[in-house]
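Only one structure is covered here, and it is reproduced in the block below.
Derivation of every value follows stated rules applied to the coordinates shown; laboratory data play no part. Worth saying up front: this structure is predicted, and the values here are computed from it rather than measured. Counting neighbours? That spans all protein chains shown, and the Cβs are built from the backbone with ideal geometry, glycine included.
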Amino acid sequence: MKTGSDSGKVIISCAITGAIHTPTMSPYLPVTPDEIAGQAIGAAGAGATILHLHARDPETGRPDQTPEGFAAFLPRIRAETDAVINITTGGSPYMTVAERVAPAATFQPELASLNMGSMNFAIFPLLNKYKDFRFDWEKEHLEGSRDLVFRNSFKDIEYVLDTCYGNGTRFEFECYDTSHLYNLAHFADRGLVRPPFFVQTIFGLLGGIGPHPEDVMHMKRTADRLFGADFIWSVLGAGSNQFRIAAQAAAQGGNVRVGLEDSIWAGKGELAVSNAVQVTKVRQIIEGLGLQVATPDEARGMLGLKG
Ligand code: KMH
Ligand code: ZN
């Protein structure tokens with residue numbers, strides 16, 4: 001089994017801002033191009049190997065999937081870090097796949113995310129916690145998720161592959177449940193994707209698999225069975241599950257993803273004041289286990305990136 005840290009090297013992905021959290025939830029969520037670039041550079045300085053990037057409208061914080069939105073911060077991040085750039089093709093679950101793929105098609109990054117199946121994507125339970133929103137769209141965004149299907153049909157997945165693969169972009173395969181691992185195996189069987197597969201297993205989103213340690217083990221065992229030595233395993237624990245799941249996976253040869261996209265917390269009831277804070281914390285976990293954080297070039301080798 002090849003999990004990424006057979007060499008003792010652990011890839012830290014940091015997802016800087018995403019499309020789920022909103023400005024009311026944390027004043028530290030980066031929204032403007034300067035904030036996104038500044039926090040991405042800070043995260044890389046703290047040890048992030050890969051930067052997973054989304055853009056937002058600088059006035060309202062609303063997810064923005066236009067290439068222009070990304071153009072406002074990508075050059076600075078590329079100039080000031082050596083981190084692997086990973087552009088989202090998930091965008092926001094409210095967008096069409098054509099909108100979602102446009103930035104990755106335009107900027108042809110080394111990595112892009114690819115969501116491996118459709119699912120409910122429920123964030124409305126957060127309405128119990130947040131009441132007074134700074135911007136109207138935030139409430140609609142949470143309310144709308146009662147009836148939201150994050151659509152990633154087989155045709156949608158093929159569309160992203162067709163659009164990006166020719167550019168040498170490889171993928172962070174986002175798998176929110178075991179069926180998504182089987183979907184990836186299906187694309188591999190058809191020869192539409194090539195190993196090594198960077199498999200991002202995601203835990204604790206309502207609509208996907210849960211955050212229990214047995215859920216983590218089940219996803220890992222299933223990926224081991226389907227992909228053998230052909231995958232690099234990473235985990236993303238949503239919200240308060242972030243560090244516990246990162247520690248479990250790192251101890252078992254996995255790689256980790258942190259960042260304010262997936263959790264705004266640094267600890268119980270303590271907001272993370274930056275992405276770098278989370279990277280530092282997970283780095284301490286990794287090094288405490290006697291492992292080392294992979295450099296961007298080491299990750300390029302592990303994941304077969306174009307560099
Ligand atoms: N926020 C993650 C759970 C994407 O950008 O393609 C999912 C994600 C999707 O990162
Ligand atoms: Zn994302």
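Remark: pairs (first residue in segment 205-233, without any contact (Cβ under 8 Å) to a residue 24 or more places away in the chain and under 22 Å from ASN115 (Cβ atoms); second residue surrounded by 14 or more Cβ atoms within 10 Å (Cβ to Cβ) and not small (Gly, Ala, Ser); Cβ separation under 7 Å; 6+ apart in sequence or on different chains) = GLY210/PHE203; ASP215/PHE203; ASP215/ILE209. Of the residues GLU158, GLU143, GLU99, the single one that is surrounded by fewer than 18 Cβ atoms within 10 Å (Cβ to Cβ), within 15 Å of ligand 1 (Cβ to nearest atom) and farther than 24 Å from MET302 by Cα is GLU99. Looking across GLY61, GLY18, GLY91, one residue alone is touching a helix residue (DSSP H, G or I) at 6+ places or on another chain (Cβ under 7 Å), among the small types (Gly, Ala, Ser), within 16 Å of ligand 2 (Cβ to nearest atom) and assigned to a loop (DSSP other than H, G, I, E, B). It is GLY91. What residue, among those in segment 12-38 that are more than 16 Å from ligand 1 (Cβ to nearest atom) and polar (S, T, N, Q), is surrounded by the fewest Cβ atoms within 10 Å (Cβ to Cβ)? Checking each candidate, the answer is THR32.
With respect to PHE107, is the statement that it is surrounded by fewer than 23 Cβ atoms within 10 Å (Cβ to Cβ), within 15 Å of ligand 1 (Cβ to nearest atom) and within 26 Å of ALA294 (Cβ to Cβ) true? Don't jump to the end; show me each part of the working.
Details: surrounded by fewer than 23 Cβ atoms within 10 Å (Cβ to Cβ): yes; within 15 Å of ligand 1 (Cβ to nearest atom): yes; within 26 Å of ALA294 (Cβ to Cβ): yes.
In short, yes.
Contact map, segment 42-56: first residue of a type in the set (Lys, Arg), second residue within 12 Å of ligand 2 (Cβ to nearest atom) and assigned to a strand (DSSP E or B), Cβ cut-off under 9 Å, separation 6 or more or different chains; pairs are ARG56/PRO63. Can you name the number of the only condition in (1) away from ligand 2 (no atom under 16 Å from the Cβ); (2) crowded, with 18+ Cβ neighbours inside 10 Å; (3) without any contact (Cβ under 8 Å) to a residue 60 or more places away in the chain; (4) not in a strand (DSSP E or B) that SER263 fails? Result: SER263 passes all but (1). Within segment 223-252, the set of residues being surrounded by fewer than 19 Cβ atoms within 10 Å (Cβ to Cβ) and either on the phi > 0 side of the Ramachandran plot or within 10 Å of the chain's Cα centre (by Cα) (or both) comprises GLY228, GLY239. Within segment 64-80, not a single residue is within 21 Å of ALA266 (Cβ to Cβ) and either more than 13 Å from ligand 1 (Cβ to nearest atom) or not in a helix (DSSP H, G or I) (or both).
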